Ligand SMILES: Cc1cc2nc3c(=O)[nH]c(=O)nc-3n(C[C@H](O)[C@H](O)[C@H](O)COP(=O)(O)OP(=O)(O)OC[C@H]3O[C@@H](n4cnc5c(N)ncnc54)[C@H](O)[C@@H]3O)c2cc1C
């Protein structure tokens, strides 16, 4: 297996204090007291952890198309992506195919290891030069790396962690590791290892 690519950068996070405020209404206690309560309720489910829906995180993620395909099954979130058409028609046409170093660097930047040969890149480039968008899409390999801004709540994140922490696609583990390292409140999310919870 070649090297996998999964890059996660937290761009923004919001909603913790408002989420605790909402929780305090339900419990008729102070917002401060809710810090401890929230840690208890975060993993309970069945409606008790609804406050996690008020905590929102924006992640900039770069990963291969075959991983995004699985990520797209999470419906309670929103994404803005780089356009495959724009990226390829604008950038690829500018790559100097007679410069081996430039070609290798373009491939390393835009595809996972082994996903795109120079020959395939040439074919995609011909399609891009002819503005043949369908042909570009047809030939674009699953290992094409796409950057997206993924906005979701802690509730969705918790669901992802539980469903994917032991997934066969190692990208998920890398994704979860990077998320837990960067979010402000990992204590409100499931841990990577089931036994540690
Ligand atoms: C190991 C594994 C294998 C999988 N294999 C497949 C597969 O072969 N094919 C496939 O299609 N999917 C597959 N999935 C995806 C899976 O079915 C889920 O779609 C995906 O994991 C998203 O999970 P979710 O529905 O809990 O999350 P979300 O889509 O974020 O939904 C969160 C919650 O909202 C509810 N919800 C969302 N939309 C609605 C709605 N319109 N009405 C009512 N409730 C709603 C959900 O039921 C869920 O409780 C697989 C997942 C895993 C982990």
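The values are calculated or read from the model by the stated rules, or taken from the named source; none is laboratory data. Keep in mind that what you see is a predicted model, and the values were worked out from it rather than measured. All Cβ positions, glycine included, derive from the backbone under ideal geometry; neighbour counts span all protein chains shown.
Some notes on this structure:
- Residue 26 meets each of the listed conditions (1) at pLDDT 90 or above; (2) surrounded by fewer than 18 Cβ atoms within 10 Å (Cβ to Cβ) apart from (1).
- Qualifying positions in the stretch 169-190 - away from the ligand (no atom under 14 Å from the Cβ), over 20 Å from residue 76 (Cβ atoms) and touching a residue at least 24 places away in the same chain (Cβ under 8 Å): 174, 178, 182, 184, 187
- Positions within the stretch 108-125 being exposed (fewer than 15 other Cβ atoms within 10 Å of the Cβ) and within 22 Å of the chain's Cα centre (by Cα), in sequence order: 108, 109, 113, 114
- All of (1) out of contact with any helix residue (DSSP H, G or I) (no Cβ under 6 Å at 6 or more places or on another chain); (2) more than 21 Å from residue 69 (Cα to Cα); (3) modelled with pLDDT of 95 or more hold for residue 180 with one exception: (1).
- Residues that are at negative phi and surrounded by fewer than 20 Cβ atoms within 10 Å (Cβ to Cβ) within the stretch 126-142 comprise 126, 129, 130, 132, 133, 134, 135, 137, 138, 139, 141, 142, listed in sequence order.
- On inspection, residue 166 fails the criterion of being in contact with a helix residue (DSSP H, G or I) (Cβ under 8 Å, 6 or more places away or on another chain) and more than 16 Å from the ligand (Cβ to nearest atom).
- Among (1) within 25 Å of the chain's Cα centre (by Cα); (2) buried (at least 16 other Cβ atoms within 10 Å of the Cβ); (3) assigned to a helix (DSSP H, G or I) - the single one residue 105 does not satisfy: (2)
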